[in-house]
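Okay, structure first, notes after.
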Amino acid sequence: MSRDSQQSHVLCLTGGRSLNKRMSLFIEGTLRTGAGVTVVALPRGPWSFARFENDQGQADTTLCRCRFGSGERAALTAIFCFHWIMLPLAVLIGRLRSVPVIYDEHDHYEVNTQEGKRTSIRAWLSQKSVRWIHRCCLPFVSLVTCIHMYEALLSRHLQQWQPNVLELHNYPVGAWRSLSPPDDPNSPLCFIYMGGIYEEKGVRNAVEAFGKLPDALRRRCQLHLFGHGDEGLIRELKQRPEVSVHDSVTPEELRQFAAEHRCCGLVLYSEHPRYRLIGTNSRKLYEYLAMGLPVIVTRVGEIPTFIEKHDLGMVIDCRINVDELQEAMCRIAQSFETWRALSENASVLMSDPRMSWESEWNKVLRSGLLDTDRRAA
């Protein structure tokens with residue numbers, strides 16, 4: 001028997017060719033088991049692997065398929081589905097090939113379909129489509145994994161159709177804990193934001209608040225935005241001399257920045273109804289904390305209770321009043337002792353191995369559904 005015929009691979013089905021952080025971590029975890037991965041996506045957007053933590057080398061891509069590490073004759077051992085629209089296909093292939101299907105809902109799709117600029121009729125049709133596919137398909141999957149939202153809202157919602165639901169918290173991989181921030185009171189304080197640059201994520205408010213800092217204090221601080229999003233907003237902000245707007249950077253490059261600069265992280269979700277449901281699904285919050293950064297956050301979902309319980313930073317109202325945000329920036333920037341105490345609290349909290357993606361991924365491995373060595377044998 002050839003070597004390829006003894007290999008195994010996992011099929012991943014998703015709705016677009018840009019792989020987000022959650023999908024990337026699932027794929028990387030699967031590759032570490034020794035299995036190959038084949039991604040099949042709808043032809044929406046370009047292929048993007050920028051959210052991978054590690055370089056996976058040259059991927060074999062076609063219009064709708066991408067392959068990592070599996071030979072042509074590798075045996076299919078499991079299916080991951082990352083989008084509701086692909087769930088009927090995942091279930092069909094799983095039944096035909098007698099392999100387990102794992103469905104990951106990294107967004108509350110029924111809530112998501114009600115957002116944006118859809119007409120009321122289109123939003124209603126989208127919501128009904130999601131619910132109908134969940135109702136018909138989830139009873140036939142082996143395991144549902146989902147993010148943790150406020151009061152386990154999403155988990156309880158999905159259990160209507162599949163009792164085997166596993167919440168996976170969006171904690172960062174261990175590499176985010178591998179650095180110590182500079183401990184120099186004379187170094188400038190960098191307020192940093194990473195993620196989608198949109199109005200509803202408080203980016204403009206952060207720039208306005210930073211611009212209102214007292215001149216003497218602002219000269220000792222910097223504001224850095226990392227990410228992409230609203231191109232009009234990005235062009236506008238790049239004209240502001242008080243802010244540095246970076247393109248998206250790799251996780252390693254961002255960690256390197258935090259290792260060389262004394263930073264404070266910004267998590268400024270607006271009062272949008274969707275953000276009121278946030279639990280542990282704000283990955284950037286935990287990445288900031290893992291790097292030992294104090295944070296300024298808005299009062300949405302479970303975030304304020306978590307921040308206040310562990311004394312990790314400042315909490316402001318989710319309406320993001322610019323004066324209130326400016327005051328929070330001042331409190332951290334004016335006192336190095338305050339910044340250092342909050343930084344130490346963050347580092348101690350995130351040193352717990354349970355606050356890592358590796359711990360969350362082990363929950364999937366313990367299900368036995370990815371026992372690729374046994375299945376291949």
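Only the coordinates and a few stated rules stand behind these numbers; no lab work does. Quick caveat: nothing in here was measured; it's all calculated off a predicted structure. Quick reminder, even Gly has a Cβ in these numbers, built from the backbone with ideal geometry, and neighbours come from all protein chains shown.
Can you tally the net charge around residue 320? Count Lys and Arg as +1, Asp and Glu as -1, for every other residue whose Cβ sits under 13 Å from the Cβ of residue 320. Value of the local net charge: -4. The packing ranking, built from the mean of other Cβ atoms within 10 Å per residue, places the peptides 39-50, 24-35 in the order 24-35, 39-50, highest first.
Evaluating 6.51 cos²θ - 1.76 cosθ + 1.60 at θ = phi - 60° for every residue in segment 224-234, the Karplus couplings come out as 10, 10, 10, x, 9, x, 6, 5, x, 5, 5 Hz, glycine and proline recorded as x. Residues whose amide H comes within less than 5 Å of that of residue 316, counting only those at least five positions distant or on another chain, are 297, 298, 299 (H built at 1.01 Å from N in the peptide plane).
Residue pairs exceeding 29 angstrom between C-alpha atoms, taken from 238/309; 21/363; 201/363; 128/284; 128/363: 238/309; 201/363; 128/284; 128/363.
Throw me the Rg/Rh for segment 256-377, computed over C-alpha atoms with Kirkwood Rh, two decimals.
Rounded to two decimals, Rg over Rh is 1.10.
Taking 51 Å as R0, compute the FRET efficiency from the Cβ-Cβ separation of residue 217 and residue 92 and round it to 0.05. The formula returns an efficiency of 0.25 here. Using the Cβ-Cβ distance between residue 336 and residue 42 with R0 = 45 Å, the FRET efficiency computed as 1/(1 + (r/R0)^6) comes to roughly 0.35. Look at where the Cα atoms of segment 312-376 and of segment 223-243 average out, and the two centres are 25 Å apart. The C-alpha radius of gyration of the chain, expressed as a fraction of 2.2 N^0.38 Å, stands at 1.04.
Taking a sphere under 10 Å around the Cβ of residue 23 and counting the other residues whose Cβ falls inside, with K and R at +1 and D and E at -1, yields a net charge of +1. Charge tally around residue 356: other residues with Cβ under 13 Å, Lys/Arg +1 each, Asp/Glu -1 each, net -1.
Classification of segment 26-76 by its C-alpha gyration tensor yields an oblate form. The axis ratio a/c (a ≥ b ≥ c) is 1.5 or more, and b/c is at least a/b.
Note on the chain: with charges restricted to the Cβ of Lys and Arg (+1) and Asp and Glu (-1), its dipole about the Cα centre is near 1280 debye. Remark on residue 76: its backbone amide H falls under 5 Å from those of 9, a criterion applied only to residues 5 or more positions apart or on other chains, H modelled at 1.01 Å from N.
Annotation: amide H of residue 222 within the under-5 Å range of 189, 190, 191, sequence separation 5 or more or interchain, hydrogens built in the peptide plane. Eigenvalues of the alpha-carbon gyration tensor of segment 174-353, scaled by 5 and square-rooted, set the equivalent ellipsoid semi-axes at 21, 19, 17 angstrom, largest first.
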